[in-house]
1. Could you run through the stretch 57-80 and say how many residues are over 20 Å from Glu22 (Cβ atoms) and either hydroxyl-bearing (Ser, Thr, Tyr) or more than 52 Å from the chain's Cα centre (by Cα) (or both)?
2. Looking at the stretch 356-372 only, could you name the residues that are surrounded by fewer than 13 Cβ atoms within 10 Å (Cβ to Cβ) and either among the basic types (Lys, Arg) or at pLDDT below 90 (or both)?
3. Kindly list the number of the only condition in (1) part of a strand (DSSP E or B); (2) within 16 Å of Leu135 (Cβ to Cβ) that fails for Thr85.
4. In the stretch 546-590, how many are hydroxyl-bearing (Ser, Thr, Tyr) and out of contact with any helix residue (DSSP H, G or I) (no Cβ under 9 Å at 6 or more places or on another chain)?
5. Can you pull out the residues in the stretch 544-565 that are farther than 16 Å from Ile528 by Cβ and either of a type in the set (A, V, I, L, M, F, W, C) or not assigned by TED's automatic domain parsing to the domain that holds Lys506 (or both)?
6. Out of the stretch 341-364, which residues are touching a helix residue (DSSP H, G or I) at 6+ places or on another chain (Cβ under 8 Å), closer than 16 Å to Ala415 by Cβ and hydrophobic (A, V, I, L, M, F, W, C)?
7. Could you name every one of the strands (runs of 3 or more DSSP E) located completely within the stretch 215-299 that has at least 1 residues being in contact with a Lys or Arg (Cβ under 6 Å, 6 or more places away or on another chain) and closer than 23 Å to Pro186 by Cβ?
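The values are calculated or read from the model by the stated rules, or taken from the named source; none is laboratory data. All of these numbers come straight from a predicted model, not from anything done at the bench. Don't worry about glycine lacking a Cβ; one is built from the backbone with ideal geometry, like all the others, and counts go over all protein chains shown.
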Amino acid sequence: MVTQIASELAAVDEVTMPTTIERVLADLIAHFDVDFGYLRRIDRERKATILVAEWPRRSAPDPDPLNVVYFDQAYSPFHAVEKLTEPMLTSAESYFDQYVTSAVVPLVMHGDSIGLLGFVKHGDWAWSRQELAVLTVIASLLAQSQARVDTEARLRHLSTHDELTELPNHHSLFGYLGQRLRAGRPGPVAALCVGLNGLKLVNSYLGRTAGDDILRDVASRLREQLELNDMIVRFGGDEFVVVPNRPMDNYSAELLASRIKHGLSGGVTIDGETVSYGVDIGVAVGIPGDAPADVLRRADLALRAAKTQDSNGVAVFTDTLYEQFELADHITLNLRSAVSDNSLVLHYQPEVDLRNGRVLAVEALVRWQHPTRGLLLPDIFVGVAETTKLADELGNWVIRNACAQFADWRRRGFASDVVLRVNASPKQLTSPNFVERVEQALREHGLNGNSVCLEITENVSVEDLSRAHMTLHALKRLNVQIAIDDFGTGYNTLSHLKALPVDTVKIDRSFVKRLNNSPEDRAIVESIIGLAHEFGLEIIGEGVETAEAARTLLDLGCHRAQGFLITRPLPAEEIEAHLNTMQIPFSLEHRRSGRSE
């Protein structure tokens, strides 16, 4: 009998264990001629004993009061066996004026009881030593099987759950979404991607234990806010995913996201200190037949939008959003190769004297000749370069190639009195090799420093003022001119203007565009021109698209300008015609409009 039971228990798992134990109990009841048998496991954390199997099955109410019995509850029938390590025999009167004899044999593992094997006989019954010895061996087999099953269950739990928060993990999420999105199932199915902000700062400042406390707190708050059957997942790092159990459209899912965001607001008290964190939520809705990975990717894109756009921390996926991020991701993956495989090209926009059309300078503007998307303008990919640490490499390419083209023009007799303007990014100005690379480009192509002007954005002078001072003064030692581009959008730099070695300021195109329609913008332009004259600086109007704007700039004392009124940015071979004549004819009598780059 022991050999047979050992064979049955060797193949048992979490699913088959209850039925297998029932068969074992039935065999033991028949062998020992008793009336009832049971197996219970002990949960030390809950301080309770939990029914695993019994035979014969009782007609128990729902819920069964004997399914979970706490050792400390009143009249607990298992209070005496909580720490049992040896077989125990008891007799007591039953409800039918009969004696009930019971034998309880503990399942011992590493000196502690992990369960109880019990038998009940109505009437007086004497258990022999041999019988108790057999039951002890069987209890040991049951203990080993229970420990193995518990270990396997724990490993399965760990493979599908997050150890820190005890929430399901991404493996569980994909399985669950796969079921919800099967063809024919009710839909639509919403997925909410919840991202926390500031967790890295908490980990750095207070330690990872504090960060873990926040993650557990968020998990707890999500459980409290959501319905019992809603899927809540720790997706990894500082992200959670919520999949509501009921079908939900975009509008309802967005309302739920707003409610979740509100419910997660407020700080967490850690060591007596209130620590706050931000929450952003991306929402996507799938229909049965969609792939789980696609729905989750859409929710993640919406979360990116919630973090980067003015969306009050909640964003819903749209096709426009997809196109925007799909392009950004494509650029991120392919921009580095574009810098090295000659996919980049330079166009040049002239700057003229509004009084006579004489060409004074040309500004080099980078373009990306994409094999499938056509000519991409810099506002599409320069921002990506800034965030992917390619800005320095891209900027160096522009400087080298612009200087090479400018030197070629001069060798052929063009642009002898023209200044080459090249944009320099904030990342370049903080690069320790930037000045050296500019000097190398000038020397390699035989250019004087004063024939080249580097344009910096207005905010760069306050991002790292000390580094800007050092870099700009080093450039001035090469006689390179310095211009502040988009001037007027950052008034906090006005106090630094005199301290920086600047030669030129360029009025931001947004003010020039509204110059004749907005008294406020006219006042700003007038004050910028006055400030430039006071400091002895050249002043240039950007984005001049109409004759009215050009005339107003002249009236206010600004005679240098560039924009579509004069000409759009042109490839090198097309701009040569203007450099050959050194003059661009245009009229101040008629309105011409377009888009300036």
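1. 5
2. Pro371, Thr372
3. The number of the failed condition is (1).
4. Qualifying residue count, the stretch 546-590: 1.
5. Listed by number, the residues that qualify are Ala547, Ala550, Phe564, Leu565.
6. The answer is Leu346, Val359, Val362, Ala364.
7. The qualifying strands (runs of 3 or more DSSP E) are 278-286.
Residue-wise test of (1) in contact (Cβ under 8 Å) with a residue 24 or more places away in the chain; (2) surrounded by fewer than 17 Cβ atoms within 10 Å (Cβ to Cβ); (3) more than 22 Å from Pro288 (Cβ to Cβ).
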position	(1), (2), (3)
Leu167	yes, no, yes
Leu177	yes, no, no
Gly184	yes, yes, no
Tyr205	no, yes, yes
Ala210	yes, no, yes
Leu215	yes, no, yes
Glu227	no, yes, no
Arg234	yes, no, yes
Asn250	yes, yes, no
